[in-house]
Each structure stands twice: as C-alpha cells, then as structure tokens.
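Below is one structure; the comments refer to it alone.
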Amino acid sequence: MALALDTWRGKIEIAENGTLVVARGDEVVLKLTRVFVEYYGVRFPTLRVVAMQRDDTSLRATLHTARPGLSITFQACAKADGFQLEWSAPPTIHGVGVNISKLPGEFWYGMGERIIQTFPLSTMPARSDPFDPMDHANDGTLNIVTPLWLNRAGAGVFVTDDTGELAIALKERDDEWLEILQRAPEPPPSTLYEPPPPAIARLPLRVLLGENIRAAHQLALTHLGRPKTAPPRELFERPIWTTWARFKMDITQTQTLQFADEIIAHEYPRSVMEIDDRWQSAYGDLDFDAQKFPDPGAMVKQLHARGFRVTLWVPPFIQRESKLFAPAAQKGFLLTHFDTGEPVLTRWWQGFGALVDVFNPDARAWWLAHLQRLQILYGIDGFKFDAGESNFIPRDVRRSEAMLRQRYADAYVAFVAQNFEWTEVRCGWRSQARGVFFREWDKWSRWGIDNGLHSLLTQALTLGLIGYPFVLPDMIGGNAYNGEAPDAELMIRWTQLTAALPSMQFSIAPWDFGKATDAICKRYAQLHETLAPVFQECIAETLRDGTPMVRPLFWHALDDARTYAIDDEFLLGEKLLVAPVVKPGQTARDIYLPQGTWRDYWNRTEYNGAQELKNYPAPLDTLPLFERVG
C-alpha cells in the first residue's frame, strides 16, 4: 500500500513501511529512509502503515512500530513552497525522528557552526546532541546554528517548531545520512500531588522544494526572515580593533590609548576601538574599574579625536560580587530557580554568575538603562555582546514564559538589535531577521578547518546559507589561546582572507612581526577599504532578497558540478572571486574559475572560465583575486 500527494511544486509518496520519497517531476530530490521513535534510549523503527487517508491537499497515516502495541501518526499537507510533514508519538515516547538519505553525488549544506567546519556539510560524520546554540560543546556544536539543511537538488529540510530538544547526527551511511530527532519537551516543575501534563513528542518538518539550491535558500528565508537593515557602513569599510587577543584581561586605560597611537602611527584604517574583558570592576557592574581606567570619559574623548568609535565588551552574566546583583535579584530581573525563587548561578568561562532575564520586559528595560547610562556618562558608542548560548541556561530555571533553552539566544539578540547600532553578537538560533553582525566563535591560532584559518571561510559560507549574511570573522591571527600563537605567515594569510570578507577585526598587531609583515597586512586593510563599493552592492542585494554576501562558487554557476565541493574559494557578490591561501608554506595553488571570463585583479590577465588554473602563483604578499569580465 502506497499513497502519493501531487502538487505543482512536486510529489510526495509514502511507502508501506512509512518511508517517503519526494520528487520534482521525474527527479527524486529527497528520500526519508527511516522513521523511528526513541524509548528509553532505544530506537524502534516503523514497520508498516496500517491506515491511510487522503484528500486533495493532505494525507494522513497511522504507522506501527517495532515496539509491540505502539503506533505513531503522520500527516503531510501541501504548501506553496513544498510540504509540511509531522510525526507525533504517544506521551509515553521520549522522541520521534527520521533519517534522510544522501543521494548519489549529492551535497548538503546548512545546520550552522561547528568546531570542525566542513563545507559541504556532508563530507564528514558528526553529532550534535543537544542541537542548540552552544559555547564549544564537546560534540563540536557552536554558537550560531539553525535546524535547516539544503541540498544541491534544490530540496530543503527545516524544523519549523521548537517542540522539544533536537538531536542531530550526520552519518557515514548514505542511506541514513542525516538523522533528525526531536524529543518531547521537558515537563514543567511539579509535585507528587500535581503531576505534569503529558509531554508529546512530535517532529514538524517543512520540505522546501526549489528549482535549485539558491531557490530553496530563498524559500527558507520566508520562514526564518531576513534583515531589513544593515550594520553601520563604516564597519564594512574599515577594520575593528579590539584589545582581547593582544592584552587579554590586562587591559588598562593607558594600554588602550597606546594601542590607538600605534595603530595611527602605522597608518592603518580604523572604525572601532573595542575594549574587551576586563574593563569592569566586577562582571555585571557596568562601570569601569577605577584603578585600571581612572578617567574613562577623557579616554573616550581622546579615542574619538583619533578617529575611533568606542565599544565595550558585555556578557549577560552578573556575578554575586557585582553592585547590581542585589537590586537585580530583588526586582526579579535575573533567571531564578523554580523552587527557591533565588537567582540561579550558572558556570561560565570566568566563574559563576546569574543571567539577565531577557524574556522579562522590565528586566530588559533595567539592563538597557544601565547600558545607556554608560553611553551618556562616557560617550560610549556601543557594545560587543558575548555569550547567550543554551548551555549557560540552567534546566531548573523558573520560566517567565514558555522557554526552551535555545530561545534565550534569540531573545538576547533581539534585545541587542533593537537597541544598539554599533554592536555585534555571537549567538543565534532563529535570529536571521536581525540586522547586526554575527561573530564567528573564537578562532584558534592555527590553519585548518579545526577552528583555524580555513574554518573562517567555511563558517562564513555556512552562515550565509542558513540566513546570516553579516558575518564578523573574529580576530585576525586567532585568539592566541593556550600558548598557540600565529607566526608572520599565518597573520598575512589571515589578513588577506578577511580583507575580502564583510568585516575585518584586528587585535594582534601586525607590526609586531616586522616591517615586511606590517606592510603586507596594511596593504590588505587598505584593499578592504577599496572594496567598499562591492560590499555596498552586496548589502543592497541582501536587504532586497536575503542573498548572502559571501557566496559559494555554485551560487552563480548552478549547472557546474565542480563548484559544489569547493571549500577554499568564494564569491564576494557576483563580481569578485577570491581564492585565499589557507595552507602553510604555499606560494601557489590550484584555482577553479566558473564559466565566464575572469581577469586577475592584480596583473589584469584574462582567463576563460570552466577551467582549473594549476599551480597559480600566490606568493606570500598576494591574495589570488579575480574580477568577472562583463
């Protein structure tokens, strides 16, 4: 027994065992190869369909599982952009999931940031459990993620509702490559006499059907949203300078001003001086440490006079020693324990602290007032907002509204975007509509896709495809953590890559590596300024329809199969092709040019596209860069 639902977008067919095939015309674009339930850690697959019914726009089915006596329900509805699917299990079941196959020669993209950032996503097995925005989870999940997957055939899979906690697995088996499991929501606190209401495990998926992957991306943005405004123009045109990687927590007023003077003396362009951790007397005080910053107002005036905007690093944590802890706790502005009503102290990388309850409008207004006080008193232009990921949200908090942990990130980002222009964030779940810079997670000072230089590019490509076009690629040269520091070669190649990305951010000083390194890095900071008109064209496209600023090669070469697996080149808009060197010791590299005519940006030599340039010269002072002709 099989049943099909046919629409102008495509056709979905459910087989006797509950598996699904989605086709567009004669082409199969998606296979859901297994449906299962999770019961105390054991997976029971569906065995057969025992009842079906269908009308013009929907079909329904009951499926028996391998656990005796257990059935689940399935419903498919035709939508303008594809199909809405939903599987629901009885209250005794902990989760319901599906496996999606990887078709022969198929590539998949999406999901979000990972420590080891492959592009395409389907080139390496991985696991995210739970799949939430995370500050460096042990399974590699990072801080900006979204339950969206897109394939080369133009199909997309999108989890439409947060009905519980997601777990994702990418497998080596092509027939079960992507596994999506959504568990029943955690019940609210209860007592023996007031048992919690039954929690239903259900998995709602939207299957998006576009003519190609670019069209599928556009369909996804109708659900996720896209920004209507962009960050300030200056942040795209000139580098941000931040104190963190160079000074860490030893930053002072004197060092900040000396750093600014060095930047000016070495004639680097500049937009913002970002004063990072630790400028506060205590985390959450929202006031300067008087010993380290004796006259912050005078410092800000001097930085303004030197051509810098000034921003301050701020996390949402308030430590118990902070002068604002007691009043915030008394007024109920912190996340509290459901039993005691006391502020919940969560562990973060600087100890323990309570979290501002960004779901509470009164708490947001209170926090905003203290941040604006800093701006008024000292002339601060904005803030670098850190953290906000799910792993910092305790599971036993009293909830001011129905709150899954991943929703804290979106509420936090919404607060930032609504109130600050000169700003950045580093977390996101369904925050695609916010027109702020989303910073990639702290990079390590190394070369590879394992959170090094190469991952800078693969993350930027991934974030663009899941709807985050305004990418801030962390600090040039990495953060110099745990004795791992960049050398001159890494600094130069890192600077070259970020020069062609939407924003640059320096902290480690290029001049510390000698005059030659300094001269090359300054040249590429100036190139970033030169590319300002290209950035503005890209921004206009992004605001019009959500097109990424940083685009994979296939974006403008959809019929060219070779472009779909390339992870070390990208397009900046439609006009520029960038082929950075992301491996140590290379002074030449292979470069693939898509169809068309391309001109070397530096020597003006023209090449026909749809070919690979073997061992193309890329000496240390050169970023391979090509302009599309015509």
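Of the residues making up region 258-274, those that are among the aliphatic types (A, V, I, L, M) and over 13 Å from THR242 (Cβ atoms) are ILE264, ALA265. Looking across region 55-93, the residues that are under 30 Å from GLU211 (Cβ atoms), hydrophobic (A, V, I, L, M, F, W, C) and assigned to a strand (DSSP E or B) come down to LEU59, ALA61, PHE74, ALA76, CYS77, ALA78, PHE83, LEU85, TRP87. Are any of the residues in region 81-99 in contact with a helix residue (DSSP H, G or I) (Cβ under 6 Å, 6 or more places away or on another chain) and not charged (D, E, K, R)? Scanning region 81-99, I find at least one residue that is in contact with a helix residue (DSSP H, G or I) (Cβ under 6 Å, 6 or more places away or on another chain) and not charged (D, E, K, R), so the answer is yes.
Among the residues that make up region 440-450, is at least one of them more than 15 Å from the chain's Cα centre (by Cα), part of a helix (DSSP H, G or I) and surrounded by fewer than 20 Cβ atoms within 10 Å (Cβ to Cβ)?
No, there is no match, as no residue in region 440-450 is more than 15 Å from the chain's Cα centre (by Cα), part of a helix (DSSP H, G or I) and surrounded by fewer than 20 Cβ atoms within 10 Å (Cβ to Cβ).
Determine if region 390-403 includes at least one residue that is over 21 Å from ARG278 (Cα atoms), modelled with pLDDT of 90 or more and of a type outside the set (Gly, Ala, Ser). Please lay out each step first, then the result.
Restricting attention to region 390-403, the residues satisfying the condition of being over 21 Å from ARG278 (Cα atoms) are 390-391, 393-403.
Restricting the remaining residues to those that are modelled with pLDDT of 90 or more gives 390-391, 393.
Keeping just the survivors that are of a type outside the set (Gly, Ala, Ser) gives 391, 393.
Scanning region 390-403, I find at least one residue that is over 21 Å from ARG278 (Cα atoms), modelled with pLDDT of 90 or more and of a type outside the set (Gly, Ala, Ser), so the answer is yes.
Scanning region 417-439 for residues that are without any contact (Cβ under 8 Å) to a residue 60 or more places away in the chain, surrounded by fewer than 24 Cβ atoms within 10 Å (Cβ to Cβ) and of a type in the set (A, V, I, L, M, F, W, C) yields ALA417, PHE420.
Considering PHE535, PHE554, the condition of being aromatic (Phe, Trp, Tyr), at pLDDT 95 or above, crowded, with 16+ Cβ neighbours inside 10 Å and under 26 Å from MET475 (Cα atoms) is satisfied by PHE535 alone.
Hey, any hits in region 575-587 for a residue that's in a loop (DSSP other than H, G, I, E, B), modelled with pLDDT under 95 and surrounded by fewer than 19 Cβ atoms within 10 Å (Cβ to Cβ)? Yes.
For region 276-307, a tally of residues being of a type outside the set (Lys, Arg), over 19 Å from THR423 (Cβ atoms) and surrounded by fewer than 17 Cβ atoms within 10 Å (Cβ to Cβ) returns 8. For region 264-275, the criterion of a residue being in a helix (DSSP H, G or I), buried (at least 17 other Cβ atoms within 10 Å of the Cβ), modelled with pLDDT of 95 or more and over 31 Å from the mean Cα position of the chain (by Cα) is satisfied by no position.
In this structure, is GLU424 under 30 Å from ASN482 (Cα atoms), of a type outside the set (Val, Ile, Thr) and touching a Cys at 6+ places or on another chain (Cβ under 9 Å)? When the stated conditions are applied, GLU424 does not pass them.
The values are calculated or read from the model by the stated rules, or taken from the named source; none is laboratory data. None of the values given here were measured: they were computed from a predicted structure. As a convention, Cβ positions derive from the backbone with ideal geometry for all residues, glycine included, and neighbour counts pool all protein chains shown.
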